[in-house]
Amino acid sequence: MKIQNIIKIISAIIGVLAAFFLFRIIGTGDDDIKMAATMGDFGAVSPLVELARIVLGITIAVTLIFTLLGLFSDPEKLKKAAISVGLFFGRDCDLLCAFRRCRNPFKGRRAIVCKCR
């Protein structure tokens, strides 16, 4: 329950900051922002862009952390994921060999490693 309250507070702070930056951009006006941008001054838009980059980075980090924790919590899930990744790369190798028009790259059998190099 405590972590949910902390996440709600952080989300509220990010939302208020984003709204502040948005109203600042709207208050500045399109023409002023375009004129400033032609002179190399991106001061009105830069804070909102940086906030978006920070939120994107946090989202990617949290997603990767929980995905890896979920995979490593169950060996069966990890095995299925490894098989899926191996099949994905094996399929890409098949497509690469077909694209290069190799003659029989696997010598009559299916393999993960491409033999056409």
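Results, tabulated for the structure shown:
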quantity: Within the stretch 1-23, backbone nitrogen closer than 15 Å to the virtual label 7 Å beyond the Cα of Leu48 toward Cβ; calculated: 15-23
quantity: Low-density loop cleavage sites - chymotrypsin sites (Phe, Trp or Tyr not before Pro) in the stretch 1-61, where at most 12 other Cβ are within 10 Å (DSSP); calculated: Phe42
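Bear in mind these aren't lab numbers, they're just calculated from the coordinates by the rules spelled out. Predicted, not measured: the structure shown is a model, and the values here were computed from it. Glycine also receives a Cβ, built like all others from the backbone with ideal geometry; neighbour counts cover every protein chain displayed.
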